[in-house]
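*Asks:* Structure provided below as structure tokens; questions to follow.
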Amino acid sequence: MANAVLEVEVPLAASSLPAHVYVVALLLLLVVILYDFLEFHFLRDLFRGFRGDCVKLTFDSSSKIYDNVVSKCWVLQGRYLATPWLSSPHFQIAFLSLYGRPPVFTYRRQLFSVSDGGTIALDWLLASDVAGGSLDNDIIISKDESTPIVIVVPGLTSDSSSAYVKHIAYKMAKHGWNVVVENHRGLGGVSITSDCFYNAGWTEDVREVVNHLHQKYSMAPLFAVGTSIGANILVKYLGEEGEKTPLTGAASICSPWDLVSRSVRDFDHHATRLVGKFETVDTYYRRCSSVSYVRNVSVPLLCISALDDPLCTKEAIPWDECRANKHIVLATTAHGGHLAYFEGIAASSLWWVRAVHEFLYVLHSSPYMHGQKIENHDLNSPLDSSIDKGPYINLMENGLITAVISDVSDNEDISDANDEQRQIEARADNKAIVTTDDQEHCAPINTALDTPLLSSSSGQKEDEDADAITFKDASTAAVKRCLKQLSRRSQRSIWLLAYIAVVSSWPLVGSALLLVFRNKLKGLFSGSVRGR
């Protein structure tokens, strides 16, 4: 009998609990799930006294770069603590994309024409601009200028207007250096003027910009900072060039390294692979990943990656390759997200920007700075790739397919004997026969596959109409269509980030509303109980 009574009283006691208790319990469960799903670490930081985590440095034991440069960088020797109310890599990325709190300034724009006819926007921010000098867009800097120049290579779909790019540009210019942002083709508000588009392995644009700046401003030391996809391009370029690069030092921030990331695989399959004319997305990854070029880097290189980066995951970080190269120091942090690294209670600055600025500043004053010279001998390395060396093809009016001669663009009065010799060598190299394998490795887009090859009956009108459509025009139109698709995908990503922010913050908002209307809810539930 006692057991029977007990069995009746238990469910009655459970049912007598107020309804708001279940609501609160459900909200707490949802908060716990979201806390784990969004990788929050606020409680961990709280229990550790908000001291942050030490920066882990990986380098060769005999590295002079560490002994004489990184060991003197207090930022890299210290800790990183994320902004407490952004203690989630996903929140940091969303905040960087939607707000970012970039400094306000105006670039000086220079349009640079590369050898294949493409146009790149070079956006300059000079030290004099930040210091309050007059803004004269007709004048960049003097040829005899010895102030260091920092070349910034943005990430995928980013340009000089991106928040993180403005942070690094302003930081370097504020401390007396000149900065130039190399916008990717088709970005920065510049139209596509050739049949080529960039991808994660397209290093030719960086190569031409670096060589041009070295020739134009031979007295100024050149540094480079690559971010995300731009970091992969920069490291790949450094590996291809070896000791021949005019760059003095570089920094790679949140590089994808191996390009194997599930979060972007579908994007690369439907967009990047088609634009770059790769057979499969894995072919694109193999040929464009910078991890294979790490061992050949010959200038001081600082690499920064976050272990909680949801886009460029920690599994792809080349720990052993970086440790085996005495020119590379790899800095990894427990938190930071992708290119975010917000710090301070107001989230007004980025930690990696401070780290890069200090590294480049100490490196510039170091006696171990890489000398600015381009050796004449070739570096026989198995890492050389043909992805950037395949000749461009052009469909002639008579139906012949010929290689396009890559003339060096005369942007800034390049007239000395060495430049002429390089132009002659470039013409000779590009007179190769275009084979099927060359076209497969070539980054330029062959989107004119629907245009039939011209037959011998050249008198027919329909053949003449087909001749009038050039390969370049067809390719340019195709690239513009791809850009529109990329733009739509970017808009979807922004809305997705906004959705994540709303959903993840709703439990906190709901809890606040519950406290505000607690008395009203009590009256409502108590009235319903009395009615029973």
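*Asks:* Return the total of residues in segment 337-351 being under 22 Å from Q77 (Cβ atoms) and more than 15 Å from the chain's Cα centre (by Cα).
*Replies:* 6
*Asks:* Evaluate the following for W124: is it outside any helix (DSSP H, G or I), over 15 Å from W352 (Cβ atoms) and at pLDDT 90 or above?
*Replies:* Judged against the criteria, W124 is a match.
*Asks:* Out of everything in segment 14-33 that is loosely packed, with under 11 Cβ neighbours inside 10 Å and in a helix (DSSP H, G or I), what residue ends up being modelled with the lowest pLDDT?
*Replies:* Once the filter is applied, the top-ranked residue is A14.
*Asks:* Going by the structure shown, is L363 more than 27 Å from P89 (Cα to Cα) and at pLDDT 95 or above?
*Replies:* yes
*Asks:* Before we move on, is A169 in contact with a strand residue (DSSP E or B) (Cβ under 8 Å, 6 or more places away or on another chain), surrounded by 24 or more Cβ atoms within 10 Å (Cβ to Cβ) and part of a helix (DSSP H, G or I)?
*Replies:* yes
*Asks:* Continuing with the same structure: Quick check on this structure: which one of F267, F223 is modelled with pLDDT of 95 or more and under 19 Å from the mean Cα position of the chain (by Cα)?
*Replies:* F223
*Asks:* Could you check G52 against (1) free of Cβ contacts under 8 Å to residues at least 40 places away in the same chain; (2) open to solvent by 50 Å² or more (accessible area, probe 1.4 Å); (3) in contact with a Leu (Cβ under 8 Å, 6 or more places away or on another chain) and say which number it fails?
*Replies:* It fails just one condition, (2).
*Asks:* Test Y99 against the criterion of being at pLDDT 95 or above and aromatic (F, W, Y), and give yes or no.
*Replies:* No, not satisfied.
For every residue, the table says whether it meets (1) among the hydrophobic types (A, V, I, L, M, F, W, C); (2) surrounded by 21 or more Cβ atoms within 10 Å (Cβ to Cβ); (3) touching a Lys or Arg at 6+ places or on another chain (Cβ under 9 Å); (4) farther than 21 Å from F95 by Cβ.
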residue: A324; (1), (2), (3), (4): yes, no, yes, yes
residue: V329; (1), (2), (3), (4): yes, yes, no, yes
residue: H335; (1), (2), (3), (4): no, yes, no, no
residue: F342; (1), (2), (3), (4): yes, yes, yes, no
residue: I345; (1), (2), (3), (4): yes, no, no, no
residue: W351; (1), (2), (3), (4): yes, yes, no, no
residue: H357; (1), (2), (3), (4): no, yes, yes, yes
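*Asks:* Which residue, of T147, T106, is open to solvent by less than 50 Å² (accessible area, probe 1.4 Å), touching a helix residue (DSSP H, G or I) at 6+ places or on another chain (Cβ under 9 Å) and not in a strand (DSSP E or B)?
*Replies:* After applying the criteria, what remains is T147.
*Asks:* Answer yes or no as to whether D195 is surrounded by 24 or more Cβ atoms within 10 Å (Cβ to Cβ) and in contact (Cβ under 8 Å) with a residue 12 or more places away in the chain.
*Replies:* For D195, the condition - surrounded by 24 or more Cβ atoms within 10 Å (Cβ to Cβ) and in contact (Cβ under 8 Å) with a residue 12 or more places away in the chain - is met.
*Asks:* Filter segment 209-232 for residues that are closer than 21 Å to F197 by Cβ, out of contact with any strand residue (DSSP E or B) (no Cβ under 6 Å at 6 or more places or on another chain) and either crowded, with 24+ Cβ neighbours inside 10 Å or aromatic (F, W, Y) (or both) and give the result.
*Replies:* Correct list: S228, I229, N232.
The values are calculated or read from the model by the stated rules, or taken from the named source; none is laboratory data. Remember, predicted model here, so these are calculated numbers, not experimental data. No Cβ is skipped: glycine too gets one built from the backbone with ideal geometry, and neighbour counts run over all protein chains shown. The protein model used for the area step is the full one, side chains on, heavy atoms only, and it has no ligands, DNA or RNA in it. Shrake-Rupley method; radii C 1.70, N 1.55, O 1.52, S 1.80 Å.
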